[in-house]
1. What tally of residues in segment 62-84 results from selecting those that are closer than 18 Å to ARG179 by Cα and within 24 Å of the chain's Cα centre (by Cα)?
2. Restricting to segment 254-273, count the residues that are outside any helix (DSSP H, G or I) and surrounded by fewer than 18 Cβ atoms within 10 Å (Cβ to Cβ).
3. Pick from ASP200, ASP281, ASP215: which is at pLDDT 95 or above, out of contact with any strand residue (DSSP E or B) (no Cβ under 8 Å at 6 or more places or on another chain) and of a type in the set (Asp, Glu)?
4. Return the total of residues in segment 149-171 being open to solvent by 20 Å² or more (accessible area, probe 1.4 Å) and either assigned to a helix (DSSP H, G or I) or touching a His at 6+ places or on another chain (Cβ under 8 Å) (or both).
5. Looking only at segment 121-148, how many residues end up being surrounded by fewer than 24 Cβ atoms within 10 Å (Cβ to Cβ) and in a strand (DSSP E or B)?
6. Just the residues that are touching a Phe, Trp or Tyr at 6+ places or on another chain (Cβ under 8 Å), in a strand (DSSP E or B) and open to solvent by less than 60 Å² (accessible area, probe 1.4 Å), please, taken from segment 320-365.
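The values are calculated or read from the model by the stated rules, or taken from the named source; none is laboratory data. Quantities reported herein were computed from a predicted structural model and do not represent experimental measurements. Reconstructed Cβ throughout: ideal geometry from the backbone, glycine too, with neighbour counts over all protein chains shown. Only protein heavy atoms, including side chains, enter the accessible area calculation; ligands, DNA and RNA are left aside. Shrake-Rupley method; radii C 1.70, N 1.55, O 1.52, S 1.80 Å.
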Amino acid sequence: MFNRASTHRALVCLLLALLLLAGAAPGRAQSSGLIVEKKVFELPSYTTVAGATIKNVRIGWEAAGTLNADRSNAILITHFFSGTSHAFGRYAPGDKAPGYWDSLIGPGKLIDTDKYYVISSDTLVNLNVKAPNVVTTGPASIDPDTGKPYGMRFPVVSIRDFVRVQKALIDSLGIKRLRAVMGASMGGLQAYEWAASYPDSVERIIPIIASAGGDAFLIGWLDAWAAPIRLDPKWNGGDYYDKEPPLDGLKLSLELITLQAEQWEWAAKTFGTAPAEATKDPAQAVANRFKIEAALDAMAASRAATSDANSLLYLVKANQLADADPRKIKVPTLIIYTPTDLVFYPPSIEATARAIAASGTPVETVQITGPNGHLNGVLAVGQAADKIREFLAR
């Protein structure tokens, strides 16, 4: 049974997971008081890698710091699967939680906004369609040719498309060469793609908890994440925007993502085998649940309230299509990973490091640890602070 201490720990971990899945996590260092503004970058038209045209493309982005005279001090932060560009600061002083890496980014911090101009941008088909500060174009957007939401008529987009749109944003700011691109998980996929596609436009990359892509095992897992949505009758082939959305399928998808991202140590330490309700022993009835089941339900329900099912499917496809060729990466690379990762498992990340190094590119790897599996790459990056600081200063 849970005692008071273990119950408190469970509640803290639940809150942390909810904030993280919403694209924000409480900084572990004192907040700098940094206030950021969600800005909008627009392209009248964009042609995807696959040759389709998307009109009126919009992505949200945020920035802190000041560009120096030759615009050489910019660092781009690329976000994870369920995240947004809100990586640091707050939108208003009263916001409950800052951006997910606020403990790392800001005045005087590891990524020092007194020294660097730090940019963070949303990806296309961002998951968080119903969040108030997300403006990004995706399947829930209105198709200007029909006046109705695209739904599954929206073109397939890839990690390479995410990076091409980011490149257009960077170009619009007059930045010729980024000091670094740094991101976790899907953000790491984007960092690799930046180095492979635009080697003259980035000095170095810091991919975290990510291999370069092209992983059959991950492709299969991503399909499992998407399956509950497709099986929900309310999904209706993606046509649900004027109807009741497929929340049951979306919530189950988010539960699967959460459980795989957090892994066994988090589950054991946070919940153990305690019942969801002390008076309802799971051994006495099929309907009686364990605490972890109820917690996953609560996390998923909260997360689903700001998410869009079709956007999750498009993000799955984009991640499945990730295929940056590590042999093309010629810029110094610092790879940070965790040995208990169940999403980008360590041998795949180590293989990426070897492939980059095989062409003579300087590569360093750093392991970080913690009870959160894949999410150590967001929650415990501070363990690699000395290495990151030294790597950026070269």
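1. 11
2. Counting residues in segment 254-273 that are outside any helix (DSSP H, G or I) and surrounded by fewer than 18 Cβ atoms within 10 Å (Cβ to Cβ) gives 2.
3. ASP200
4. The number of residues fulfilling the criteria is 7.
5. Of the residues in segment 121-148, 3 are surrounded by fewer than 24 Cβ atoms within 10 Å (Cβ to Cβ) and in a strand (DSSP E or B).
6. Correct list: LEU334, TYR337, GLU364.
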